[in-house]
Amino acid sequence: MIFHWGLIFVTCGALLSFAYKVEGYLVLGEGQEKALTPTAFSVLETGRWQRQWPGWNLQLLEQKRHWRADGTLAYTSSLVMVKTERGEEAVWIEKGQPLIVGDWRFFHYATGYAPGLVVKKDGELVGAFLLPAEKTDENEQGYRIKLLEILPDLKLSGIFYPDEKNKNSEKLINPMLIVKAGEEVELRPGQVRNLGPYQLELGEIRAWVGLETVYDPGAKIVFAGSWLATVGLGLWFTGKNRRR
C-alpha cells in the first residue's frame, strides 16, 4: 500500500512540474533591480500552464572577488537583495550556495565585469550602456563582450581588460575596453574616441551576475513519493523474506 501511495505522489509531482516548472537565466548588473517576470530573463522555459509570477524584485547590491595567495581568482560571491511581500532580505550567494526563496532557486552561474559605455553624438548624450563581459575560458586573456545592438545603427562586440598592463590579471587596476564595430577602438578612463558619427567614453565599471533560475513546485512531491515507494518496496521484500 505504501509503495502505491509513493507512485501516486511521484505521478502527481511530475504532472505539477510539467504544468508549472520554470527554468531560466537572468543577468543583474551591480545596482540594477529587476522584477521577477518573463521579461527579466534572457533565456526562459516555462510549464504549459505557468501564468502567475510572484512579483518579487531582485537587486545586485555588491560583488566580492576572493583571491588566492598567488594572486589568482579563487571564487566570486554576490550580495543579492530579494524584495518580497514579506519584506527585504540581502543574501550572499556563490557557486554551490544558491539563493532559495520558497520553491524558487537562484544559482550563481556566471560573473564578470560590466564596463559602462557612454555614447554621444555632436556632444549630446545619446545613452549610457552597461556591457556585460564574461571570461568564457580560464586561459583566455580579458573578458569577452558578445555582439550587442545598443542603438539601431550601432552593433558592437569587444573585450575588456581589468588591467591593461597585465592582460591575464582579473584585478581592476588599469582598465581598458576595446570596442569592435567595423573598426576597433581602444578606450581608457578619461579618453574620448570617435566611432562613425558617435563619440565613445569608458564609463563606470560595475560587476554583474548571471543567475540560473529554477522553480519546480512538483520536486518536493516527487522526492516524497520516491521515498515512500522505496520504503514500501523495502517493507514488501522484508515481509516476503520473513514468510519464507
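Computed from the coordinates by the stated procedures, all read-outs in this text should not be read as laboratory data. Worth saying up front: this structure is predicted, and the values here are computed from it rather than measured. No Cβ is skipped: glycine too gets one built from the backbone with ideal geometry, and neighbour counts run over all protein chains shown.
Values as computed for the structure displayed
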quantity: Alpha-carbon centroids, the range 118-155 and the range 58-116: separation in whole Å; calculated: 23
quantity: Neighbour cut-off at most 14 other Cβ (10 Å), DSSP loop, trypsin sites (Lys or Arg not before Pro), the range 97-200; calculated: LYS165, LYS167, LYS171
quantity: Calculated FRET value between ASP137 and GLU88, using beta carbons and R₀ = 35 Å, to 0.05; calculated: 0.40
quantity: In Hz, Karplus ³J(HN,Hα) per residue of the range 116-128 (6.51, -1.76, 1.60; θ = phi - 60°; x = Gly, Pro); calculated: x, 10, 9, 10, 10, 9, 6, x, 9, 5, 8, x, 10
quantity: Stretch gain in nm, segment ALA128-GLU204, where the contour uses 0.36 nm per residue and the Cα spacing is subtracted; calculated: 26.4 nm
quantity: Simple label model, 7 Å out from Cα along Cβ direction - ASN194 to ILE100, nm; calculated: 5.9
quantity: Extension reserve of the ASP153-TRP49 stretch, reckoned as 0.36 nm per residue once the Cα distance is removed; calculated: 33.6 nm
quantity: Set of aspartates and glutamates near LYS83 by C-alpha distance (under 12 Å), chain-local residues within fewer than 8 positions excluded; calculated: GLU33
